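Asks: Questions regarding the structure given below will be posed in turn.
None of the figures in this text is laboratory data; all of them are computed from the coordinates on show. Just so you know, these numbers come straight off a predicted model, no measurement behind them. All Cβ positions, even for glycine, are placed from backbone atoms using ideal geometry, and neighbour counts span all protein chains on display.
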Amino acid sequence: MIIVMPTKTSGEKSFISDHFGRCNFFYVYDSELKSGEVYINENKDGQGGVGIKSAEFILNKKADVLITPRVGEKALVVLQSTDIKVFASTDQIVKDLIVSYLNGELKELY
Amino acid sequence: MQVAVLSGKGGTGKTLVSVNLSYLAKDSVYVDCDVEEPNGLLYYKLKDTAQEHVNVKIPVVNHEQCIGCKQCTEFCEFNALAYILEKVRVFKDLCHSCGGCKLVCPQNAITEFDRSIGKITSGFYNETEVFSGKMNVGIESGVPIIKELLKKVLNKKKDVFIDSPPGNGCSVMESISDADYCLLVAEPSIFGLHNLKMVYALVKVFNKNIGLVINKCNDDDIIKDFAKANKIKIVGEIPMDLELGRLNSNGEIVSKYSQYSWLFKDILNNVYKEVS
């Protein structure tokens with residue numbers, strides 16, 4: 001399973017970004033391989049529609065789950081047309097959030 | 001001559017000034033470019049009006065012809081196109097109707113349709129020609145409507161008074177683009193000064209000739225001090241007057257009343273002097 005999170009800084013000790021579209025990095029975690037990769041969000045300074053680009057990015061990464069505090073209206077339209085599940089993040093760093101999710105402690109956001 | 005009336009802050013008196021100046025000027029044109037909340041027609045109550053829709057072009061993708069090369073989604077500066085689950089999706093609110101996606105598509109899979117985003121109402125009030133744009137509910141940008149409005153008055157041999165939107169965003173920039181003279185309206189308050197500074201910075205970028213009207217004048221010199229420091233010519237002062245406010249809020253053109261018409265005649269004469 002692929003779990004994606006928008007993050008403020010790079011790496012598994014980062015906090016989650018408040019903005020799905022304008023986050024600095026994405027943390028992409030593969031639960032089978034038990035390893036994560038960091039990607040720079042190249043669209044973060046775009047004029048608009050950056051949430052759509054983020055949604056497109058995580059789709060390309062074949063994400064199954066997105067953990068984020070919120071998703072904008074347009075990105076949500078994209079995500080709802082896919083099988084990606086969106087879960088609400090809590091005030092934890094990336095690696096703890098992954099554990100919480102795998103333990104079934106997070107709530108579905110939409 | 002084209003005069004754009006603008007102010008950073010809303011409710012400062014753009015419509016008051018532009019309606020009254022165009023009313024007093026002979027054979028003039030009034031254009032309401034505040035397409036998000038137009039209110040010029042509350043004063044210029046038109047009997048016979050013509051209406052036309054303003055359309056923009058929005059791309060439509062033929063999914064049979066599309067080969068998923070993503071050239072269109074990469075081209076779009078505004079992220080209005082996204083490739084999702086092997087299909088190009090169009091987000092029409094983000095589209096700026098540049099037509100670029102259609103040009104770059106190697107498969108000719110993109111066509112365009114007309115989307116109505118608003119309308120323009122026009123007519124005559126005595127000698128004054130009136131144009132007013134209005135955006136449809138839910139549309140994100142009124143800029144195409146403002147462009148359409150300005151196209152209508154571009155070659156007029158009359159004096160044109162443009163009632164700009166508030167603020168200093170894209171729609172304001174569009175509305176002052178052809179103006180010979182920018183008339184800034186400000187009120188003496190801290191908020192009024194702050195927004196005057198913002199709009200002053202904007203007109204300086206555009207290198208426009210400017211004048212300042214102070215509305216709701218009292219004994220506070222906050223705006224006058226700023227004008228002095230920046231060498232901005234004050235072309236008029238409208239006093240804080242309860243009766244003027246009452247008439248205006250009832251949709252009356254205050255220049256019809258002799259006790260107020262001289263106020264705006266003065267401003268108009270000063271503007272003419274400045275422009276010539």
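Asks: I'd like the per residue volume of the convex hull spanned by the Cα atoms of the protein assembly as shown, given in cubic angstrom.
Replies: Roughly 181 Å³ of hull volume per residue.
Asks: Moving on. State the Kirkwood hydrodynamic radius of chain B in Å, one decimal place, computed from all pairs of distinct Cα atoms. Each step should come with its number before you reach the end.
Replies: Numbers: mean 1/r = 0.0493 Å⁻¹.
Here the Kirkwood hydrodynamic radius works out to 20.3 Å.
Asks: Quick one: which residues, 5+ away or cross-chain, put their amide H under 5 Å from the amide H of B:Ile210? H built at 1.01 Å from N.
Replies: Under 5 Å from the amide H of B:Ile210: B:Cys182.
Asks: Just to compare against my own numbers: the Cα pair-distance distribution for chain A, 5 Å bins, whole % per bin, please.
Replies: 2, 14, 27, 28, 20, 8, 1, 0
Asks: Right, something else. Kindly rank B:8-19, B:138-149, B:91-102, A:99-110 from highest to lowest mean number of other beta carbons found within 10 Å of each residue.
Replies: Most protected by this proxy first, the peptides run B:8-19, B:138-149, B:91-102, A:99-110.
Asks: Please get the size of the charge dipole for chain B, origin at its Cα centre, with Cβ charges of +1 on Lys and Arg and -1 on Asp and Glu, quoted in debye to the nearest 20.
Replies: So the dipole magnitude of chain B works out to roughly 380 debye.
Asks: If the limit is 20 Å between Cα atoms, which of A:Lys85/B:Lys92; B:Lys45/B:Lys156; B:Lys197/B:Lys224 go over it?
Replies: From A:Lys85/B:Lys92; B:Lys45/B:Lys156; B:Lys197/B:Lys224, over 20 Å: A:Lys85/B:Lys92; B:Lys45/B:Lys156.
Asks: Something else about it: So which cysteines in the protein assembly as shown don't have a second cysteine's C-beta under 4.7 Å from them?
Replies: Cysteines of the protein assembly as shown left without a disulfide-compatible partner: A:Cys23, B:Cys33, B:Cys66, B:Cys69, B:Cys76, B:Cys95, B:Cys98, B:Cys105, B:Cys170, B:Cys182, B:Cys217.
Asks: Taking every alpha carbon pair in the range B:174-228, what does the distance histogram look like in 10 angstrom bins from 0, in percent?
Replies: Spelled out bin by bin, the range B:174-228 gives 23, 54, 21, 2 percent.
Asks: Given +1 on the Cβ of Lys and Arg, -1 on the Cβ of Asp and Glu, and no further charges, what dipole in debye does the protein assembly as shown carry about its Cα centre, rounded to the nearest 20?
Replies: Dipole about the Cα centre, nearest 20: 580 debye.
Asks: Around B:Glu252, what is the net charge, scoring Lys/Arg as +1 and Asp/Glu as -1 over all other residues with Cβ under 13 Å from its Cβ?
Replies: +2
Asks: Stretch B:Lys273-B:Phe113 to full length: gain in nm at 0.36 nm per residue minus the Cα-Cα span?
Replies: That pair, B:Lys273 and B:Phe113, stretches by 52.9 nm at full extension.
Asks: Could I have the simple spin-label model distance between A:Asn60 and B:Asp266, label points 7 Å from Cα toward Cβ, reported in nm to one decimal?
Replies: 6.4 nm
Asks: Give me, ordered by chain and number, the residues 5 or more places off B:Phe91 or on other chains with an amide H under 5 Å from its own placed amide H.
Replies: For B:Phe91, the qualifying residues are B:Leu81, B:Ala82.
Asks: Next question. Does a label point 7 Å from the Cα of B:Asn55, set along Cα-to-beta-carbon, have any residues of the range B:98-114 with amide nitrogen under 14 Å, and which are they?
Replies: Counting only backbone N, you get B:112-114.
Asks: For chain B, find the longest principal axis of its Cα atoms and tell me its angle to the long axis of helix B:258-275, 0 to 90°, nearest 10.
Replies: With both axes taken from Cα atoms, the answer is about 60 degrees.
Asks: Can I ask one more? Could you go through the range B:93-109 in sequence order and give the Karplus-derived ³J(HN,Hα) for each residue, using 6.51 cos²θ - 1.76 cosθ + 1.60 with θ = phi - 60°, rounded to whole Hz, and x for Gly and Pro?
Replies: 3J(HN,Hα) across the range B:93-109, in whole Hz: 5, 8, 6, 9, 6, 7, x, x, 4, 5, 5, 7, 5, x, 9, 6, 8.
Asks: Still on this model: Classify the range B:63-108: rounded, prolate or oblate, from the alpha-carbon gyration tensor (a ≥ b ≥ c, eigenvalue square roots; a/c under 1.5 rounded; otherwise prolate if a/b is larger than b/c)?
Replies: Judged from the Cα gyration tensor, the range B:63-108 comes out oblate (a/c at least 1.5, b/c at or above a/b).
Asks: Could you order the peptides B:236-247, B:192-203, A:72-83 from most to least packed, using the average number of other C-beta atoms within 10 Å per residue?
Replies: Values: B:236-247: 15.2, B:192-203: 19.1, A:72-83: 17.2.
Descending mean neighbour count gives B:192-203, A:72-83, B:236-247.
Asks: Next question. Using a 7 Å offset from the Cα along the Cα-to-Cβ direction at both A:Asp18 and B:Asn39, what is the distance between the two label points in nm, to one decimal?
Replies: 3.3 nm
Asks: I'd like the Karplus ³J(HN,Hα) series for the range B:222-233: coefficients 6.51, -1.76, 1.60, θ = phi - 60°, whole numbers in Hz, and an x wherever there's a Gly or Pro.
Replies: 4, 7, 4, 5, 5, 4, 5, 4, 9, 6, 9, 6
Asks: Using label points projected 7 Å from each Cα along Cα→Cβ, tell me how many nm separate B:Ile234 and A:Tyr39, to one decimal.
Replies: So the two model labels end up 5.9 nm from each other.
Asks: Next question, about the same structure. Working out 0.36 nm times the residue gap between A:Asp91 and A:Glu108, then minus their Cα-Cα distance, what length gain in nm do you get to one decimal?
Replies: 4.6 nm
Asks: What's the FRET efficiency of B:Ser189 with B:Phe75 using the Cβ-Cβ distance as r and R₀ = 45 Å, to the nearest 0.05? List each step's numbers first, then the result.
Replies: Numbers: r = 46 Å, r/R0 = 1.03.
Between B:Ser189 and B:Phe75 the formula returns 0.45.
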